[in-house]
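Novice: A single structure is presented below for examination.
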Amino acid sequence: MANLTSYDLMICLWVIFNFSIDIGEAKETQKPTSLPPPPAIFVFGDSLSDTGNAIAAFPFLADAENSPYGDTFFHAPSGRFSDGRLIVDFMALAWRFPLIQPYFSNIVPNFRHGINFAVSGATARNVTEPVPFFLPFQTDHFVRFKRNVIASLKSNKKSASHVPAIRSFEDGLYMIFVGVNDIIISLFANKQPPSTVVKNIIPQVLEAIAKAVQDLHKEGAKNFMVFNIPAIGCTPLLLTLASPGPYNSTDAMGCLKDYNELVRFFNHELEKVLSYLNLQLKESKIMVADIYGFMLEAIAHPSKYGGFDEAVKLKACCGYGGGPYNYSPLVSCGKDPEAKSCSDPSKYTSWDGLHLTDAFSGKFVGEIMKESSSYLRPFKLH
Ligand SMILES: *[C@@H]1O[C@H](CO)[C@@H](O)[C@H](O)[C@H]1NC(C)=O
Ligand SMILES: *[C@@H]1O[C@H](CO)[C@@H](O)[C@H](O)[C@H]1NC(C)=O
């Protein structure tokens with residue numbers, strides 16, 4: 001296995017799209033949900049939520065600007081690291097909103113139902129590699145945005161049609177989905193062993209997420225949905241990079257034990273931190289969305305959710321066409337034309353080795369929108 005340089009990793013984590021698609025027009029009818037629609041959604045995170053910020057901020061750099069990214073739903077690269085829609089898109093559709101537009105949108109944006117600050121490659125911690133749009137910077141952008149909205153509503157009533165209503169800042173849903181880049185970069189680009197990441201990096205990531213929740217709460221936010229870290233030990237990217245190596249032992253499902261254990265530790269600590277904040281912060285309602293649990297379940301029982309295929313449960317859909325995981329950092333999706341999409345991405349959980357398929361994101365949102373879903377845990381109200 002060739003060494004992955006930090007530059008390669010940066011590019012492979014980067015995302016993105018073609019902003020010519022009018023994402024405000026996506027229409028899809030889905031069943032009404034038991035989770036009532038908030039007046040607006042505010043999104044913070046990385047490539048798992050970025051709907052076009054990275055391509056606007058760093059044009060022509062991301063693999064995901066190229067086909068076959070976007071093939072499934074948008075039928076063109078759409079600014080998303082997926083064959084189709086992301087989790088945040090399915091949430092918007094479930095609530096019958098237009099898709100939530102990126103903060104850096106440069107064509108007639110409409111932020112009535114929310115705004116997305118997520119940037120591919122972003123970390124939770126204040127570090128500028130691989131991209132300078134880390135979580136505290138995203139929350140600063142939010143604060144600036146909110147002040148601009150308030151000023152603009154005061155001076156010009158017309159802006160009301162394309163910015164969130166003032167009450168949305170209090171009653172809206174704040175979605176935070178970040179941290180996986182901090183961990184993967186520390187493990188692979190910086191070559192730290194999992195024990196060092198647990199000791200030195202994880203506490204900083206948790207602190208950054210807690211600080212973001214506190215800072216947003218100071219601005220009036222009450223409702224939070226915080227996503228835990230996915231089962232990276234089951235991703236084709238990590239399965240490929242880890243072997244051969246000291247952390248290559250796998251469990252019965254074929255997932256990397258050490259990396260999933262690290263994530264389990266993180267997720268456990270995250271729930272402790274959030275339940276504490278839920279008690280501390282006045283009127284807050286914090287929920288944890290358990291993407292880790294859903295990913296393990298989808299890989300352990302691929303047919304349970306209809307459509308995933310046992311034979312490809314650990315393979316990337318878009319890849320070089322070989323090996324046990326269909327992943328190679330040298331021939332990666334969107335970067336190298338030799339990397340091709342599989343014929344039916346809906347059978348796969350992994351799109352490009354790290355990012356999720358449209359099918360996976362859709363099924364996950366279907367689960368968390370169910371009444372008393374075991375994958376969406378609200379902390380007890382006080
Ligand atoms: C990030 O850290 C630098 C150096 O400590 C600090 O100057 C800067 O204000 C921080 N940025 C944010 C957005 O917190
Ligand atoms: C795991 O890595 C070691 C080297 O550290 C190698 O000898 C062994 O073959 C690898 N096992 C697998 C299953 O890749």
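Bear in mind these aren't lab numbers, they're just calculated from the coordinates by the rules spelled out. Predicted, not measured: the structure shown is a model, and the values here were computed from it. In this analysis, Cβ positions are derived from the backbone assuming ideal geometry, glycine residues included, and neighbour counts consider all displayed protein chains.
Novice: For segment 163-190 and segment 267-300, compute the distance between their C-alpha centroids and round to whole Å.
Specialist: When both Cα centres are located, 13 Å separates them.
Novice: Can you run phi through the Karplus equation (6.51, -1.76, 1.60; θ = phi - 60°) for segment 179-188 and list ³J(HN,Hα) in whole Hz, with x for Gly and Pro?
Specialist: Here the 3J(HN,Hα) series is x, 5, 5, 4, 6, 5, 5, 5, 6, 9 Hz.
Novice: Related question: Would you list VAL198, VAL149, VAL108, VAL178 from fewest to most Cβ contacts within 10 Å? The partial results should precede the final answer.
Specialist: Numbers: VAL198 17, VAL149 21, VAL108 9, VAL178 27.
Going from least to most buried by this count: VAL108, VAL198, VAL149, VAL178.
Novice: Quick one: pull the percentage of alpha-carbon pairs in segment 107-177 with a separation above 20 Å. Don't skip to the answer; put the middle values down first.
Specialist: Details: 897 of 2485 pairs.
Distances greater than 20 Å cover 36 percent of the Cα pairs.
Novice: If you take the charge dipole of segment 233-382 about its Cα centre, with +1 on Lys and Arg Cβ and -1 on Asp and Glu Cβ, which of ALA242, CYS342, HIS301 is farthest toward its positive end?
Specialist: So the residue we want is HIS301.
Novice: Tell me, what HN-Hα J-couplings in whole Hz come from the Karplus equation 6.51 cos²θ - 1.76 cosθ + 1.60 at θ = phi - 60° for each residue of segment 148-165, using x for Gly and Pro?
Specialist: For segment 148-165, the Karplus curve yields 4, 4, 4, 5, 6, 5, 5, 8, 8, 4, 4, 5, 3, 6, 10, 10, x, 5 Hz.
Novice: Now for a different question. Magnitude of the Cβ-charge dipole of the chain, K/R +1 and D/E -1, about the Cα centre, nearest 20 debye?
Specialist: Working: 34 positive and 36 negative charges, 265 e Å.
Taking the Cα centre of the chain as origin, the dipole is about 1280 debye.
Novice: Something else: Using alpha carbon coordinates only, what is the Rg to Rh ratio of segment 62-172, with Rh defined as the Kirkwood radius?
Specialist: On the way: Rg = 15.5 Å, Rh = 15.5 Å.
With Rg and the Kirkwood Rh in hand, the quotient comes to 1.00.
Novice: In Å³ and rounded to a whole number, note down the convex hull volume per residue for the Cα atoms of the chain. Walk me through the numbers on the way to the answer.
Specialist: Values: hull volume 47.4 nm³, N = 382.
Here the figure is 124 Å³ per residue.
Novice: Among THR128, GLN214, PRO194, which residue has its Cα furthest toward the positive end of the charge dipole of segment 105-224, with +1 on Lys/Arg Cβ and -1 on Asp/Glu Cβ?
Specialist: Of the options given, the answer is GLN214.
Novice: Now for a different question. Do any of LYS282/LYS313; LYS211/LYS347; LYS218/LYS335; LYS191/LYS370; LYS154/LYS272; LYS191/LYS272 go past 32 Å between their Cα atoms, and which?
Specialist: Numbers: LYS282/LYS313 43 Å; LYS211/LYS347 38 Å; LYS218/LYS335 42 Å; LYS191/LYS370 40 Å; LYS154/LYS272 41 Å; LYS191/LYS272 28 Å.
LYS282/LYS313; LYS211/LYS347; LYS218/LYS335; LYS191/LYS370; LYS154/LYS272, as the Cα separations exceed 32 Å there.
Novice: Within segment 309-382, which GluC sites (Glu not before Pro) sit in a loop by DSSP and count at most 14 neighbouring Cβ atoms inside 10 Å? Numbers along the way, then the final one.
Specialist: Working: sites: GLU310, GLU338, GLU367, GLU371; in loops: GLU338, GLU371.
Of the GluC sites (Glu not before Pro), the ones in loops of segment 309-382 whose Cβ has at most 14 other Cβ atoms within 10 Å are GLU338, GLU371.
Novice: While we're looking at this one, here's another question. Note the angle between two axes, namely the Cα long axis of helix 257-280 and the longest principal axis of the Cα atoms of the chain, as a number of degrees from 0 to 90, rounded to the nearest 10.
Specialist: 20 degrees
Novice: From the phi of every residue in segment 92-98, what ³J(HN,Hα) in whole Hz does the Karplus formula 6.51 cos²θ - 1.76 cosθ + 1.60 yield, where θ is phi - 60° and glycine or proline is x?
Specialist: Working through the residues one at a time gives 4, 5, 4, 8, 6, 8, x Hz.
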